[in-house]
Each structure stands twice: as structure tokens, then as C-alpha cells.
Amino acid sequence: MKKNDVLYVVVPCYNEEEVLEETNKRLVEKLKDLINKSSISKNSRIMYVNDGSKDKTWELIEKLHKSNELVCGLKLSRNRGHQNALFAGLMTAKDKADMIISMDADLQDDINAVDEMIEKYYNGCEVVYGVRSSRKKDTFFKKFTAEGFYKIMKFMGVDIVFNHADYRLTSKRVLSELSNYKEVNLFLRGLFPVIGFKSDVVYYERAERFAGESKYPLKKMVSFAWEGITSFTVKPLKMIMNLGLIIALFSFIFLIYVIIGYFTGNSVSGWTTIIVLLCLFSGIQIFCIGIIGEYLGKVYIETKERPRYIIAQALIHEGKE
Ligand code: UDP
Ligand code: MG
């Protein structure tokens, strides 16, 4: 692989007016440094994807684009969520770049890990995962829920890189393979291990947000985790079957007990037992039907094959070679 490849840094932004200017300053500095070291081509770019922000994020991106050759912008037609915004950026960048790095707008992920990612790319890696070496700066709650999430995913049989979010380098080739995955329910960090190719990890310390607040409240986090599980594994369906088997076994034992009771004349008017069992089993049944319904719902959504994003406007400085 030749050195001096084109790098695109894709940054999804939702209501990030508080961080964008500082983020851009740091990223431009980083890119200039890499260009000066001839580690990347001078046609490399930073691409901000505005995910239907309600604040001045897009105006800021336009301003940054005008004043700096390294800055590009994509504007989605409305808010589509982090994964779709990132996907829109990746799909646009793959036609212009050789390697693409995705990161969040708040730069919680240490941008100095970029050098090591690029080095690994030049050594033949097609995917380089950024992995948090510790979560010292996270609150106890965030650490507990986030790490619990990765453990549940592993338990459910999803091949996922522990403590890796969406900070990663991918080659153009991997992204063109990704474009063949047509699913609408996107869970990108689970897809890259499925795609394969030579990969490696780079460790970094995760910092706090330097301004603004998290765009991932607990509700979004939980639905994202559920998305991950249901998009990648049918293990919950198997668990239902096992649960059904165990319940059937217990019911059978209970049945024998009741019949013996009947013949030995110990049968009491078992109103309580009936009510308790009725409630318990209806509860379990409804729960199980609910899980099946979740999968059915996903099939319904997938069959529509709706576009995952719509680009309203693109601001791109084309590279001159
Ligand atoms: N984001 C987005 N669309 C959304 C929500 C978030 O593009 O609907 C972006 C956000 O601007 C940021 C990234 O996703 O660049 C991660 O969000 P955040 O830093 O708030 O999440 P946290 O680090 O708290 O998990
Ligand atoms: Mg963040």
C-alpha cells in the first residue's frame, strides 16, 4: 500500500454548536500535522454530517467549510440518529478517500490515537478499532451500563469488540463491502467484525465531554442496545423455547402431584393455586409473544427497504491531484 493515502474523518453532529469550533480547531491541526509529515495526502478532509440539528450546527459547518479547504459538510434532510448519520458520511466519504476514520463531535475519543491507526492501516489492516483502555472519566452509572451492554452482547453470541464504540479506521474496500449490507436497523459496530478482513485495535483513554451534553440519554442507550441484540442474534427466540421446555417439565411434575392428591383424597379447593398459576403463565406467555413480536416488527421494517438517509446538501472541496 502506498503512503500518502487520502484520509476522510467523518463526524456526525447533532446539536453540537457548543463544541464544533473547538473540535474543528483540533481536527484541522491534527490533519495539517499528518499532511506535513506526509503520512496522508493533502486531499484529506474532515466531513461533518449534520443530523438534522435544531441549533446553529449547520450554519457553523457552512462557515467552517467556507474558511477552510479541509472542511466538508453533509446535511441530512432531518434527524435520523447517530448510526444513520455516520453511515451517510461513510458512504459519501468512501468514494473520495482511501481510509476513513469515524469519531464523535465531542472528541471524547483521543484524536492522538489517529497516528497509530494510520500506521496500522499502512501495515495492512483494513479495520482498526479504537478501544477504551479505561472508563475512569465516565460516571459509575455510564460505566456500569455500558460495560454491562458489551457483556450481554457477548452472552447473546454477538461478535463485538469489547469497549469499542464508533471510533475506528476503515479502508475504502471495507466500506464498499459494507454498502452491500442492506439492513435498515443499523448497528455498525456489530457489522465490521462480520465483514471480516485483517483488523487490529488501538487503545486510548476516553475523556469527558469538554462542552455541551450527551445526545444519548438512557432511553436512547437502551433502545440502541436492544437494536444491537435483535439485529444480530435470534438467541432470545431460543431462550423462549428453553423457557417453554422448563415450564412444561415443571407443569408435568405438578400434574403428577395433583393426580396423586386426587386419588389419595387430599384435593383441596385450590382457588389460590389456580389464580397464581394463571397469572404467572399468562404473564410469561405475553412476554414471550412480545419478544416474537419485536422480531416480527423488525421484519416488517426491513421489508420496506426505505432509504437509510437522505442528503439535502453536500459541501465538498474536491481535491486537486
Ligand atoms: N449524534 C447524532 N445524532 C443523534 C444523536 C447523536 O449524530 O441523533 C452524534 C453526536 O453529535 C455525537 C455522537 O453522535 O457526535 C455521539 O453522541 P454523544 O457524544 O452525545 O454520546 P455519548 O458520548 O454521550 O455516548
Ligand atoms: Mg460523547
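Derivation of every value follows stated rules applied to the coordinates shown; laboratory data play no part. As the structure is a prediction and not an experimental result, all values here were calculated from the model. Cβ atoms come from the backbone with ideal geometry, glycine included; neighbour counts cover every protein chain shown.
With r defined as the distance between the Cβ atoms of Lys136 and Val299 and R0 fixed at 45 Å, what FRET efficiency is calculated, to the nearest 0.05?
So, using R0 = 45 Å, E works out to roughly 0.60.
I'd like to know which of Val49, Leu90, Thr23 lies farthest towards the positive end of the charge dipole of the range 1-98, counting +1 on Cβ of Lys and Arg and -1 on Cβ of Asp and Glu.
Projecting each Cα onto the dipole axis, the largest value belongs to Leu90.
Please express the shape of the range 77-131 as an equivalent ellipsoid: the semi-axes are the square roots of 5 times the eigenvalues of the C-alpha gyration tensor, given largest first in whole angstrom.
Ellipsoid semi-axes (Å, largest first): 22, 15, 8.
Given points 7 Å out from each Cα along the Cα-Cβ axis, report the Tyr262 to Met239 separation in nanometres with one decimal.
3.6
Hey, got the dipole for the chain? About the Cα centre, +1 on K and R Cβ, -1 on D and E Cβ, debye to the nearest 20?
340
Pick out, in residue order, every one of the chymotrypsin sites (Phe, Trp or Tyr not before Pro) in the range 156-264 that is DSSP loop and has at most 15 other C-beta atoms within 10 Å; say none if there are none.
Passing both the DSSP loop test and the Cβ count: Phe162, Tyr181, Phe197, Phe210.
Identify the trypsin sites (Lys or Arg not before Pro) of the range 1-37 meeting these criteria: DSSP loop state and at most 11 other C-beta atoms within 10 Å of the C-beta.
Answer in residue order: Lys2, Lys3, Lys37.
Over the range 26-161, calculate the relative contact order: mean separation of alpha carbon pairs under 8 Å at least 6 apart, over the residue count, as a percent.
RCO, the range 26-161: 18 percent.
Which residues' amide hydrogens lie under 5 Å from the amide hydrogen of Arg168, considering only partners 5 or more residues apart or on another chain, with H built in the peptide plane?
Result for Arg168 returns Ser102, Gly130.
Considering only Cα-Cα distances, which of the following residue pairs are longer than 29 Å: Lys30/Lys219; Lys42/Lys182; Lys154/Lys198; Lys54/Lys142; Lys42/Lys66?
The answer is Lys30/Lys219; Lys42/Lys182.
Any idea how far the Cα center of the range 128-152 sits from the one of the range 20-48, in Å?
That distance is 28 Å.
Suppose R0 equals 45 Å. What FRET efficiency, 1/(1 + (r/R0)^6) with r the Cβ-Cβ distance, do Leu278 and Ala146 give to the nearest 0.05?
0.70
Which Cα, out of Gly265, Cys288, Val174, lies furthest along the positive dipole direction of the range 139-291 (beta carbon charges, K/R +1, D/E -1)?
The residue sitting farthest along the positive end of the dipole is Val174.
With labels modelled as points extended 7 Å from the Cα through the Cβ direction, what inter-label distance (nm, one decimal) is found for Phe287 paired with Ile316?
The answer from the label model is 5.0 nm.
Rounded to the nearest 500, what is the chain's calculated 222 nm mean residue ellipticity when only DSSP H runs of at least 4 contribute -39500 (n - 2.57) each, over all residues?
Computed ellipticity for the chain at 222 nm equals -16500 deg cm²/dmol.
How many nm separate the modelled label positions at Ser77 and Leu255, each set 7 Å beyond the Cα in the direction of the Cβ?
Modelled inter-label distance: 5.6 nm.
Identify the chymotrypsin sites (Phe, Trp or Tyr not before Pro) of the range 95-142 meeting these criteria: DSSP loop state and at most 15 other C-beta atoms within 10 Å of the C-beta.
When the chymotrypsin sites (Phe, Trp or Tyr not before Pro) of the range 95-142 are filtered for loop state and at most 15 Cβ neighbours within 10 Å, nothing remains.
Considering Cα pairs under 8 angstrom that are at least six residues apart, work out the relative contact order of the chain and quote it in whole percent.
This gives 23 percent for the chain.
Using every alpha carbon pair in the range 1-110, what percent of pairs falls into each 10 Å bin from 0 up to the bin containing the largest distance?
Going out from 0 Å in 10 Å bins, the range 1-110 shows 16, 50, 30, 5, 0 percent.
Through the Karplus equation 6.51 cos²θ - 1.76 cosθ + 1.60, θ set to phi - 60°, convert the phi angles of the range 103-111 into ³J(HN,Hα) values in whole Hz; use x for Gly and Pro.
Each residue's phi maps through the Karplus curve to give 8, 7, 5, 8, 6, 5, 8, 4, 6 Hz.
Give me the dipole magnitude in Debye, nearest 20, for the range 1-145 about the Cα centre, with unit charges on the beta carbon: positive for Lys and Arg, negative for Asp and Glu.
For the range 1-145, the charge dipole is close to 160 debye.
Once the Cβ-Cβ distance between Glu22 and Lys198 is put in as r, and R0 is 45 Å, what FRET efficiency do you end up with, to the nearest 0.05?
0.80
State the volume of the convex hull built on the alpha-carbon positions of the chain, expressed per residue in Å³ and rounded to an integer.
So the per-residue Cα hull volume is 160 Å³.
Among bridges DSSP assigns within the chain, what percent are antiparallel (round to 5)?
Roughly 35 percent of the DSSP beta bridges within the chain come out antiparallel.
Please report, in cubic angstrom per residue, the volume enclosed by the convex hull of the alpha-carbon atoms of the range 167-301.
Once divided by residue count, the hull of the range 167-301 is 210 Å³.
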